[in-house]
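Below: the structure, in structure tokens.
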Amino acid sequence: MKSIILIGDARERLKELPAGSARTCVTSPPYFGLRDYGVDGQMGLEETPDTYVAEMVALFREVWRVLADDGTLWLNLGDSYAGGGGGNYNKTGVSQAGGQHITNVLNRPEWLENAGVKPKDLIGIPWRVALALQQDGWYLRSDIIWHKPNPMPESVRDRPTKSHEYVFLLTKSPKYYYDHVAVKVEASSATIERNKHKYNGAFKNQFLGTPNEKRWQEGRLIENPTFAQDGKANRRSVWTIPTKSFKGAHFAVMPEALVEPCVLAGSQEGDTVLDPFTGSGTVAVVANRHGRNFIGTELNPEYAEIARERITASNPMFNEVEIK
């Protein structure tokens, strides 16, 4: 399969891509105020939440153009807390936690005055972005909870430990490509039993006197993705997926298990999958594995090389990677 990585700022490089050239976009932008990736002009280090949200809206307008009319956007975002003066920060406001260079934007008193949040506030970045995108024309179709059974430990005693992030499903139109069959999950015994009763009882009555009645009389179920006659059920909106490190990267990566249902539901074999923040190439690896092509942008050339090696290694005989 073919993968192309464009080096540079996503806001500029995306303009080079033809309109409607990607079927789906699966991406995880830099989280607000948490990491310095060592490149000038990077997204994520804006001075206020409003500025960050505005940059996200502008970026995803270009993603909108590149997506097909029936395309989907799967957007993973984590949240941030406004600093309360504590935390593992040195005097320069930079934490080396986990070996990563983290700029403490969130702990600056002058920032708090301009941000409209109080010290220790949960800022609500994912929902601020999602609602801004909705206001900008995107259809907000689902808020998926990525439940992490192995969350990062937190030394807090006045709130629960954070163990989830969001994946938002957004679309360009009310009708869009979504393969629900490809991402079905094993149905629970309770779901199967409940659906048996619906099939034989009250649920059937909804179709009496309709064109679907004949199909019920012949013992055939109408096309309803929530039914589990095949032992499968429609995918739910809470996905329990452990975080996983990638030894070739010194930054957080999306688990392949998180990307896979997005790729399978949002595209067909032969389609192109887009990721404006390629990072270590997780989306490309998953897309190629399932017969999709990939195109992405990456600000940091070092990360692009990591992605190239990883994509190629995942299937050396068939995966072709081009960096431009």
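The values are calculated or read from the model by the stated rules, or taken from the named source; none is laboratory data. Model, not experiment: these values are computed from the prediction. No Cβ is skipped: glycine too gets one built from the backbone with ideal geometry, and neighbour counts run over all protein chains shown.
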All-but-one check, A257 against (1) assigned to a helix (DSSP H, G or I); (2) in contact (Cβ under 8 Å) with a residue 60 or more places away in the chain, failing number (2)
query = So is E302 within 21 Å of S237 (Cα to Cα) and in the same structural domain as C25 (by TED's automatic domain parsing) or not?
reply = no
Checked G248, G296, G279, G266 against criteria (more than 13 Å from the chain's Cα centre (by Cα) and modelled with pLDDT of 95 or more); the one match is G296
The condition from (1) within 29 Å of the chain's Cα centre (by Cα); (2) at pLDDT below 90 that G201 misses is numbered (1)
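Each row is one residue, and each column tells you yes or no for (1) in a helix (DSSP H, G or I); (2) not charged (D, E, K, R).
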{"site": "Y31", "(1), (2)": "no, yes"}
{"site": "M43", "(1), (2)": "no, yes"}
{"site": "Y52", "(1), (2)": "yes, yes"}
{"site": "V63", "(1), (2)": "yes, yes"}
{"site": "D70", "(1), (2)": "no, no"}
{"site": "W74", "(1), (2)": "no, yes"}
Reported set for region 273-294 where residues are buried (at least 24 other Cβ atoms within 10 Å of the Cβ) and not in a helix (DSSP H, G or I) is V273, L274, D275, P276, T278, G279, G281, R292, F294
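Quick grid of which residues meet (1) in contact with a Lys or Arg (Cβ under 8 Å, 6 or more places away or on another chain); (2) without any contact (Cβ under 8 Å) to a residue 12 or more places away in the chain; (3) of a type in the set (A, V, I, L, M, F, W, C); (4) not in a loop (DSSP other than H, G, I, E, B):
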position	(1), (2), (3), (4)
V117	no, no, yes, no
R128	no, no, no, yes
A132	no, no, yes, yes
I145	no, no, yes, yes
N150	no, no, no, no
E154	yes, yes, no, no
R159	no, yes, no, no
K162	no, no, no, no
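How many residues are touching a residue at least 12 places away in the same chain (Cβ under 8 Å) and outside any strand (DSSP E or B) when one looks only at region 295-324? Spell out the reasoning first.
Here is the first cut: in region 295-324, the residues touching a residue at least 12 places away in the same chain (Cβ under 8 Å) are 295-301, 303-311, 314-315, 318-324.
If we keep only those that are outside any strand (DSSP E or B) too, we end up with 299-301, 303-311, 314-315, 318-319, 324.
Here the count works out to 17.
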